[in-house]
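Some notes on the structure that comes next.
Readers should treat all values here as calculations from the given coordinates under stated rules, not as data from a laboratory. Quantities reported herein were computed from a predicted structural model and do not represent experimental measurements. Positions of Cβ are backbone-derived with ideal geometry, glycine not excepted, and every protein chain shown enters the neighbour counts.
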Amino acid sequence: MNYIDSKNRLSSFISKTITSVVGKDLNDKVFRNLFARTGTVGRAFKPNVK
């Protein structure tokens, strides 16, 4: 059984972790969510990446 809304709750943690590794300017970065199902994480990054 999937935990509903789990990635939505984790999206701020994922964002902080990614920006701590690659920097805050994500305009020239390509984001690939390899574990995507609902698109929650992808939609969170869409305004900031290619």
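Compute the long axis of helix 6-22 from its Cα atoms, compare it with the longest principal axis of the Cα atoms of the chain, and write down the angle in degrees, 0 to 90, nearest 10.
Compared with the principal axis, the helix lies near 20 degrees.
Given a cut-off of under 8 Å on Cα pairs at least six residues apart, what relative contact order in percent is computed for the chain?
Answer for the chain is 41 percent.
Taking every alpha carbon pair in the range 6-45, what does the distance histogram look like in 10 angstrom bins from 0, in percent?
28, 59, 13
Near residue 46, within a Cβ-to-Cβ distance under 13 Å, what is the net charge of the other residues, with Lys and Arg +1 and Asp and Glu -1?
Charge balance in the 13 Å sphere: +4.
Report the full-extension gain for the segment residue 48 to residue 9: residue separation times 0.36 nm, less the Cα-Cα distance, to one decimal in nm.
Fully extending the segment from residue 48 to residue 9 adds 12.2 nm.
Explain nothing, just the number: dipole magnitude of the chain about its Cα centre with +1 on each Lys and Arg Cβ and -1 on each Asp and Glu Cβ, in debye rounded to the nearest 20.
80 debye
Sorting 26, 34, 10 on the 10 Å Cβ count, fewest up front, what's the list?
Placing the least packed residue first, the sequence is 34, 10, 26.
When a footprinting reagent is the concern and you count Cβ atoms within 10 Å, what order do 22, 49 take, fewest first?
Going from sparsest to densest Cβ surroundings: 22, 49.
Put +1 on the Cβ of each Lys and Arg and -1 on the Cβ of each Asp and Glu in the range 6-45; which of 27, 41, 8 then has its Cα farthest toward the positive end of the dipole?
Of the candidates, 8 comes out farthest on the positive side.
Based on other C-beta atoms within 10 Å, arrange 19, 40 from fewest to most.
Fewest-to-most Cβ neighbours within 10 Å comes out as 19, 40.
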